Each structure stands twice: as structure tokens, then as C-alpha cells.
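For reference, the structure is listed below as C-alpha cells.
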Amino acid sequence: MADMENDGLKTRGLGKLVGVVVGMFVFGFLLVPLYDIVCEVTGFNGKTSGAYQTSSQIDVDDSRFVTVQFLTNRNADMPWEFRPKVRSMKVKPGQINETEFFVRNKTGSTMVGKAIPSVTPFKAADYLHKTECFCFESQELRNGEELDMPLRFIVDRDIPSDVGRLTLSYTLYDITENTQVAFR
């Protein structure tokens with residue numbers, strides 16, 4: 001009888017342990033979307049929102065310039081070449097600006113990449129508006145293919161006066177396995 005009680009305790013303990021492991025897996029799986037939501041709502045980590053709609057009337061602040069630096073990084077599993085065409089620009093707040101980023105698939109197969117933006121200082125994230133950005137969509141490149149990807153942006157004229165420099169950084173991720181790639 002004691003053996004049956006011990007077996008019951010072991011089974012319940014094993015069930016609890018399996019439940020904890022499954023719960024930890026689900027929690028870990030949900031962390032990324034939850035983090036993205038928190039960053040979007042709070043502006044934490046310099047996350048930027050989607051496409052910005054401009055009005056036909058643009059009010060440029062001619063009295064000052066803001067330097068925008070561009071940085072690129074690749075996730076450890078991303079073998080593409082990725083860089084900004086220019087490293088920095090001096091822009092007037094309220095003015096529409098354009099630049100490009102270069103990307104090349106250096107592998108022997110078709111891959112899909114996705115760039116995730118971040119702005120520092122974090123308080124400047126709400127004042128950098130992208131009207132067109134390669135980061136809005138994933139990029140599919142065949143082996144050896146290269147692409148110049150456009151970025152159009154506005155630094156809001158209401159950016160705090162103590163922000164004279166901001167950095168727009170992109171990290172490029174390989175999302176090939178998460179995407180249905182039509183291999184040609």
C-alpha cells in the first residue's frame with residue numbers, strides 16, 4: 001500500500017513538473033510578442049512605429065539641424081552583407097529626407113531577411129517618422145542578388161531641443177524558415 005502511495009506521489013510530482021516545463025515554454029514563446037507590444041506602447045528600447053502619413057503641408061524648422069546616424073547589424077545567423085549608403089545626415093526638423101541601404105545575399109540559396117529598427121536616444125523614437133522603409137516588409141533575395149533599399153523619413157520639428165543627434169539602427173534577421181519562399 002505504501003508503494004502505491006509513493007507511485008501516486010511520483011506521478012503527481014511528474015505531472016506538476018511537466019506542467020511547469022510546458023508553462024515555461026509557452027511563457028518563453030510569448031515573450032517576444034509581449035516585448036514588442038510593450039516597446040510599441042511605451043517607446044522603450046527605441047522601437048519605432050509603422051509608416052507615418054504626412055500632410056500635404058510640411059512645416060520645416062530652418063533654424064536648426066539634427067544629425068541622424070545610421071547603423072546596421074546582422075543577427076549571428078544572417079550571412080548577408082548589409083550597410084547604409086551614407087553613415088550620417090544633417091537634416092532640418094520637419095523636412096522629408098531620403099537615403100538607401102545596401103544588402104547582398106552572399107549565400108548560394110534564396111533567403112528572406114527582415115530588418116528591425118531601433119532609435120537612440122530612446123526619447124527621440126517618437127520624433128523619427130518613416131514614410132517609406134524597407135523595414136515595413138521582409139526582403140527576399142536569391143543567391144548573389146543585391147538590392148538598394150529606400151528609406152524616407154522626417155525628424156519631427158517638435159523633437160526636444162536637447163536632442164541634436166539621434167541614431168537609427170537596424171538589425172537584420174534571417175526569417176527564411178518562418179516564410180514560405182518560392183524557390184525559383
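Taken together, the values in this text are just the output of simple stated rules run on the coordinates, not laboratory data. As the structure is a computational prediction, the values presented were derived from the model and not from experiment. Every residue, glycine among them, receives a Cβ derived from its backbone with ideal geometry; neighbour counts consider all protein chains shown.
Excluding residues on the same chain fewer than 8 positions from K123, give the lysines whose Cα lies under 17 Å from its Cα.
K47
I need the phi-derived Karplus couplings for the stretch 114-127: 6.51 cos²θ - 1.76 cosθ + 1.60, θ = phi - 60°, integer Hz, Gly and Pro marked x.
In residue order, the calculated couplings are 9, 9, 10, x, 8, 10, 10, x, 4, 5, 8, 4, 6, 10 Hz.
Given the peptides 71-82, 110-121, arrange them by the average over their residues of other C-beta atoms within 10 Å, most packed first.
On the way: 71-82: 15.3, 110-121: 19.1.
Sorting 71-82, 110-121 by mean packing, highest first, produces 110-121, 71-82.
Mind listing the long-range amide H neighbours of T110? Cut-off is under 5 Å, sequence gap 5 or more, other chains count too, H placed in the peptide plane at 1.01 Å from N.
So T110 has HN proximity to N143.
Just to check I understand the Karplus step: with θ = phi - 60° and J = 6.51 cos²θ - 1.76 cosθ + 1.60, what whole-Hz values come out for the stretch 93-104, glycine and proline as x?
Running phi through 6.51 cos²θ - 1.76 cosθ + 1.60 with θ = phi - 60° gives x, x, 8, 7, 10, 10, 8, 9, 10, 9, 9, 9 Hz.
In terms of Cα to Cα distance under 13 Å, which aspartates and glutamates are near enough to K92, apart from those fewer than 8 places away along the same chain?
The reachable aspartates and glutamates, counting only those whose Cα sits under 13 Å from K92, are D59, D61, D62, D156, D158.
Only four residue types carry charge here, +1 at the Cβ of Lys and Arg and -1 at the Cβ of Asp and Glu. Report the dipole size of the stretch 59-145 about the Cα centre in Debye, rounded to the nearest 20.
Working: 13 positive and 12 negative charges, 80 e Å.
Here the stretch 59-145 has a charge dipole of around 380 debye.
Could you run the Debye sum over the Cα atoms of the stretch 47-178, one equal point scatterer each and no solvent, and tell me log10 of I(q)/I(0) at q = 0.09 Å⁻¹, two decimals?
The computed values of log10 I(q)/I(0) come out as -0.28.
Which whole-Hz couplings ³J(HN,Hα) result when phi for each residue of the stretch 139-146 is put into the Karplus expression 6.51 cos²θ - 1.76 cosθ + 1.60, θ = phi - 60°, listed in order with x for Gly and Pro?
Using θ = phi - 60°, the values come out as 10, 9, 10, 6, 4, x, 6, 10 Hz.
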